[in-house]
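Accompanying notes for the structure given below.
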Amino acid sequence: MAGAGGGGCPAGGNDLQWCFSQVKGAIDEDVAEADIISTVEFNSSGDLLATGDKGGRVVIFQREQENKSRPHSRGEYNVYSTFQSHEPEFDYLKSLEIEEKINKIRWLPQQNAAHFLLSTNDKTIKLWKISERDKRAEGYNLKDEDGRLRDPFRITALRGVETRKLCDVLRWSLWNPYWKQAVVPRVTCRPMLPLPRPRLMVPILKPMDLMVEASPRRIFANAHTYHINSISVNSDHETYLSADDLRINLWHLEITDRSFNIVDIKPANMEELTEVITAAELHPHQCNVFVYSSSKGTVRLCDMRSSALCDRHSKFFEEPEDPSSRSFFSEIISSISDVKFSHSGRYMMTRDYLSVKVWDLNMESRPIETHQVHEYLRSKLCSLYENDCIFDKFECCWNGPDSAIMTGSYNNFFRMFDRNTRRDVTLEASRENSKPRASLKPRRVCPGGGKRRKDEVSVDSLDFSKKVLHAAWHPADSIIAVAATNNLYIFQDKVN
């Protein structure tokens, strides 16, 4: 994955001002399907950034340490490790092809020098260990004078000179406990002088070029009939959940051959199916609480302490529908594509097709905030339905203090909303003349026709093939990562 850096600090508008930092990805106009980024995730410290693509690959970027000669290099991310996470498979029993596309990546809290992450495609979840090796051991006395490997247990002759050698071996075993385990036949040895103790060779560690290894530690398979859309690591650091269209399973990180089904909305008759699960997430602090959203625009909060099977929710979040705005597309655009708890655990955020909503967990009747992402597309729903764009699933994310939220749109636009000032800004991640940039001014979308200002874009000229579906916000600093097709754009706040 190629990369570029640098760039000035364009105004982001209002109180949110951002600098372009880097872009990762090829410049080719013809983008291969396998290179399209399908998920983006920072680890808990923000020093590592992982992306997955439709080709089943995982690319991990590492944040550079501060360099006195380059004071602005602290926010730069360079490739740390690349590995193939999933391969295409074929289910012969169901005649079903399983894509290698990475649907989600979730980091585990770091326990030691190594890093661990979960990655999943439609059917299989894998736990990966990412470790470093910069030293190798040398100096083992494993070979004899002829260069052959020593075998202390092999004695093939018991007569003549070899008998004397065997007696030497027996004397050796008097002081070497390792040899006492060897099965040696009884022989009569004549008295001999004590044998000199051989030189003990201790291996030493020598430096080598840094090598980052990614190894699969666990494979969690054969537990989902339908496509996995979510995985979420629990705050107890021992369990995690995985969700598909109709079921949610709870796993233990050390057990791969079984999981516990905690939600099952599959009806006895599939013709009676009215909704599917679209996303699920565990509470950041309470290991017994989780939420899941549905295609009907509702969110259910469940408590695993109440029952083993959480088909009955503890809280139900739904916004009353305005009858005057009811249309043929109402059910489609109300489907929730992503749900995220705030870092504090007090709020949660949901993303439907046209808006982002913030909910207080103590108030189920309506959201406390509603931010319109691209309301100007309401007049284009018919054409968006025809080209299937209306089924696109946009993600959303919080900043570290939960004071701002971010989500994507079309034409490589992404929106940021400041919850304190109620201001918002639209930025663009794109390349001009093969050079990456962020828009120099906030972007505005206006109706077609008439004169437009430099920062305005006609709704009729939007490119719906360029879309920002996946984005991530650094857990502590003002750094964001935006996936636009096969490119990963990294931006920093001006004061960062």
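A few remarks follow.
- Taking all protein chains together and a 1.4 Å probe, the residues 285, 237, 470, 252 rank 285, 237, 252, 470 from largest to smallest accessible area.
- The share of accessible area on the stretch 301-418 that comes from carbon and sulfur is 50 percent, using a 1.4 angstrom probe.
- Karplus-based coupling profile of the stretch 310-318, in residue order and whole Hz: 8, 5, 9, 7, 8, 9, 10, 10, 7, with θ = phi - 60° in 6.51 cos²θ - 1.76 cosθ + 1.60 and x standing for Gly or Pro.
- Accessible surface comparison of 446, 287, probe 1.4 Å, protein chains only, largest first: the order is 287, 446.
- Accessible-area value, residue 419, 1.4 Å probe, nucleic acids and ligands omitted, Å²: 30 Å²
- Among the listed pairs 24/467; 340/380; 104/129; 54/94; 54/466, those with a Cα-Cα distance over 18 Å are 340/380; 54/94.
- Derived scalar couplings between HN and Hα for the stretch 59-65 equal 10, 10, 10, 10, 6, 6, 6 Hz in order, rounded to whole Hz, by the Karplus curve 6.51 cos²θ - 1.76 cosθ + 1.60 (θ = phi - 60°), x for Gly and Pro.
- Nonlocal amide H pairs with residue 335, under 5 Å, H built at 1.01 Å: 353
The values are calculated or read from the model by the stated rules, or taken from the named source; none is laboratory data. Quick caveat, the model's predicted, so the values are computed rather than measured. With ligands, DNA and RNA removed, areas are computed over all heavy atoms of the protein, side chains included. Shrake-Rupley method; radii C 1.70, N 1.55, O 1.52, S 1.80 Å.
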